[in-house]
Amino acid sequence: MTENIKKEIALVEAILYMEGDPIDEGAIARICGLSKDIVKAALDSLSERYTSADCGLELSRIGGGIVISAKRELWDSLKERYGKKNEGKISRAAMETLAIVAYSQPVTRLEIEKIRGVSADNMIRLLLEKGLVREAGKKDIPGRPVMYGTTKEFLKLFHLNSIADLPKLGEGDIEKFELEGDKY
């Protein structure tokens, strides 16, 4: 490895550290003025370096971007102090509502309420304030109700690259997300 590529790897690492939020390879290349190939090589090198047992960091893909984060196997040791900061103390009711949105999106307030069996106004408002859900358009039915979906903040909170990375539902769980014969 030449001295030049070492500096480029260090530059890419510094950008990931300074950004804090997930950032894609193209944005890294624009920020540092390097080609995408060099950025990819630098990311591969960092990823390899972070696999070492004496390193507590890893590169994670979250929401289509890359971020430096603590290794997953260390989260049990870290969550007491650092997890609460990220979780923002989401109540059980809010988590239920968030799960319905995540697995059923796009979904309306009324559909959430039919699945949960209780009013969802306050939970939706809370999740909107926390930036975990967003308005995802209007449903093409009379009244054109707002539909909700998850955000990049949701993906970051749960360390997911995309919504496709959500844990798969079992048969019993799928029934909970059914609404009048429709599967969500």
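None of the figures in this text is laboratory data; all of them are computed from the coordinates on show. For clarity, every value in this text was computed on a predicted model and none was experimentally measured. Positions of Cβ are backbone-derived with ideal geometry, glycine not excepted, and every protein chain shown enters the neighbour counts.
So what is the 222 nm mean residue ellipticity for the chain from helices alone, if each DSSP H run of at least 4 adds -39500 (n - 2.57) and you divide by all residues, rounding to the nearest 500 deg cm²/dmol? After summing the helix terms and dividing by residue count, I get -14000 deg cm²/dmol. Here the label points at Arg72 and Ile163, each 7 Å from Cα along the C-beta direction, are separated by 2.2 nm in the simple model. Full extension of the chain between Asp37 and Ile90 gives 15.0 nm of extra length, using 0.36 nm per residue less the Cα-Cα distance. Beyond 25 Å between alpha-carbons counts as too far, so tell me which of Lys79/Lys130; Lys79/Lys156; Lys36/Lys168 fall in that bin. Listed pairs above 25 Å: Lys36/Lys168.
For the chain, a simple Cβ point-charge model (Lys and Arg +1, Asp and Glu -1, everything else neutral) yields a dipole of about 500 debye relative to the Cα centre.
Seen from all directions on average, the range 99-147 presents a Cα convex hull projection of 3.3 nm².
Given (1) 1.01; (2) 1.07; (3) 0.96 as candidate values of Rg/Rh (Cα atoms, Kirkwood Rh), which corresponds to the one derived from the coordinates? Of the listed options (1) 1.01; (2) 1.07; (3) 0.96, (2) comes from this structure. Assuming R0 = 45 Å, can you tell me the calculated FRET efficiency for the pair Val146 and Arg30, based on Cβ-Cβ distance, to the nearest 0.05? Rounded to the nearest 0.05, the efficiency is 0.80.
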